[in-house]
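Each remark here refers to the structure printed beneath this line.
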Amino acid sequence: MGVAIGDQILDLAAAAALLADLPGEIVQACAAPQLNPLMALGPRASAALRLALSRGLSAERGDQKLRRHLTPMANAELLLPVAIGDFTDFYASVFHATNVGRMLRPENPLVPNYKYVPVAYHSRASSVRVSGTAVKRPQGQRKPANETVPSYGPSRNLDFELELGFYIGVPSDLGTTIPVGKAAEHVFGFCLLNDWSARDVQGWEYQPLGPFLGKNFATTVSPWVVTQEALAPFRVPAFARPQGDPAPLPYLDDPVDRAQGGFDIAVDACLSSEKMRAAGAAPLCITKSSFQTTYWTVAQMVAHHASNGCNLMTGDLFGSGTVSGPEKGSQGCLLEITARGKEPVVLPGGEQRAFIEDGDEIIFRAYAEKPGYPRIGFGECRAVVLPAG
Ligand code: CA
């Protein structure tokens with residue numbers, strides 16, 4: 001494990017062993033190959049580690065004990081940081097839910113439960129890969145409106161979903177619930193997440209039980225996990241429900257969460273085609289959005305997940321759902337950006353994209369910034385799409 005320090009990585013096991021005041025259980029957790037043992041110790045442990053590293057690095061003068069364990073990031077291969085147990089993907093952006101709903105059910109875009117239930121589907125942890133791993137175009141069963149019977153073959157409508165992910169640190173017991181006000185104690189940190197989606201497969205299979213093979217063939221996450229403590233300065237009030245919306249049910253309501261349950265995190269997605277890369281063109285940024293626009297807070301999603309007594313495990317991964325804002329230019333997937341392919345994106349060089357083509361690379365970035373605080377970058381979440389077969 002390593003800690004990103006500018007463009008370098010600090011070897012966490014070596015550094016923790018040098019920090020004299022750090023409790024033994026934290027030093028031991030830092031020697032693990034993945035974050036799980038450290039995550040399980042909870043926010044007080046990660047805050048203590050963060051403080052000790054920060055003091056250690058800034059106090060160093062002559063001996064450079066810690067700095068000897070820095071490696072240039074450019075020389076490192078970044079791996080999946082967490083042994084992921086279960087993966088649940090939420091649907092927290094009301095703008096995404098409304099836009100997608102309008103395409104599927106023009107007369108009834110937002111289903112009536114949306115403003116009461118932080119809905120989600122269970123996806124697969126087995127197919128989560130770290131940024132940089134290529135994604136093979138899935139094959140599946142699809143039936144476009146103009147065809148009378150379904151067929152099996154490569155997805156023709158491959159899409160990305162721009163999301164933030166968050167990892168569960170402290171587990172909960174089966175049969176117990178987590179109040180909204182205690183949810184933060186169970187969240188270790190955040191990453192970028194691409195919930196790759198085969199829209200044609202999804203459209204044919206999703207009724208009556210929701211997403212299945214249209215989603216679970218691949219999920220890409222960033223290698224870096226931004227701890228909740230690092231994001232504390234960027235907390236903002238939860239999304240303000242428009243007048244007339246129902247109040248959350250009491251088990252999803254908490255005054256502190258209302259006041260500071262949101263996070264001011266900017267996210268963007270870029271596309272780079274094979275032709276663009278050959279021509280040396282920079283990736284084209286096709287959307288810029290903000291995590292502030294999500295209808296449900298992270299704490300509400302955690303509380304809801306445990307509200308039936310379902311136990312959360314260290315290393316569980318939750319996706320926020322596509323982070324789409326209200327305006328054009330802030331929509332988090334091609335289905336919305338291109339209005340289901342009707343308004344293609346024009347790339348430098350003249351190529352057009354309704355959905356993702358083979359050879360395209362999708363790149364997500366996110367950051368939090370505010371005067372007086374260091375800018376927090378999330379690194380990248382990128383992957384090239386390979387042909388099916
Ligand atoms: Ca999703």
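The numbers here are math on the coordinates, done by the rules we state, and not lab data. Computed from a prediction, not measured in an experiment: that's the story for all the values here. As a convention, Cβ positions derive from the backbone with ideal geometry for all residues, glycine included, and neighbour counts pool all protein chains shown.
Quick notes
- Pairs meeting the criteria (first residue in segment 19-35 and free of Cβ contacts under 8 Å to residues at least 12 places away in the same chain, second residue crowded, with 17+ Cβ neighbours inside 10 Å and in a helix (DSSP H, G or I), beta carbons under 7 Å, at least 6 apart or on different chains) are 27/16.
- Flag if residue 256 is crowded, with 22+ Cβ neighbours inside 10 Å, β-branched (Val, Ile, Thr) and more than 27 Å from residue 12 (Cβ to Cβ): no
- Subset of segment 1-18 (residues that are surrounded by fewer than 19 Cβ atoms within 10 Å (Cβ to Cβ) and without any contact (Cβ under 8 Å) to a residue 60 or more places away in the chain): 6, 13, 14, 17, 18
- First in segment 191-205 and under 9 Å from residue 158 (Cβ atoms) and touching a residue at least 60 places away in the same chain (Cβ under 8 Å), second anywhere and within 12 Å of the ligand (Cβ to nearest atom) and acidic (Asp, Glu), Cβ under 8 Å, 6 or more apart: 196/159; 196/161; 197/159; 197/161; 198/159; 199/159
- Residues within segment 140-165 that are surrounded by 14 or more Cβ atoms within 10 Å (Cβ to Cβ) and either of a type in the set (Asp, Glu) or not in a loop (DSSP other than H, G, I, E, B) (or both), tallied: 11
- Here 361, 327, 351, 343 are screened, and the one residue that is among the acidic types (Asp, Glu), within 15 Å of residue 160 (Cβ to Cβ) and more than 16 Å from the ligand (Cβ to nearest atom) is 361.
- Residue match in segment 371-379 (condition: in contact with a Phe, Trp or Tyr (Cβ under 8 Å, 6 or more places away or on another chain) and within 16 Å of residue 285 (Cβ to Cβ)): yes
- For segment 132-139, the condition of being polar (S, T, N, Q), in contact with a strand residue (DSSP E or B) (Cβ under 6 Å, 6 or more places away or on another chain), in a strand (DSSP E or B) and more than 16 Å from the ligand (Cβ to nearest atom) holds for at least one residue.
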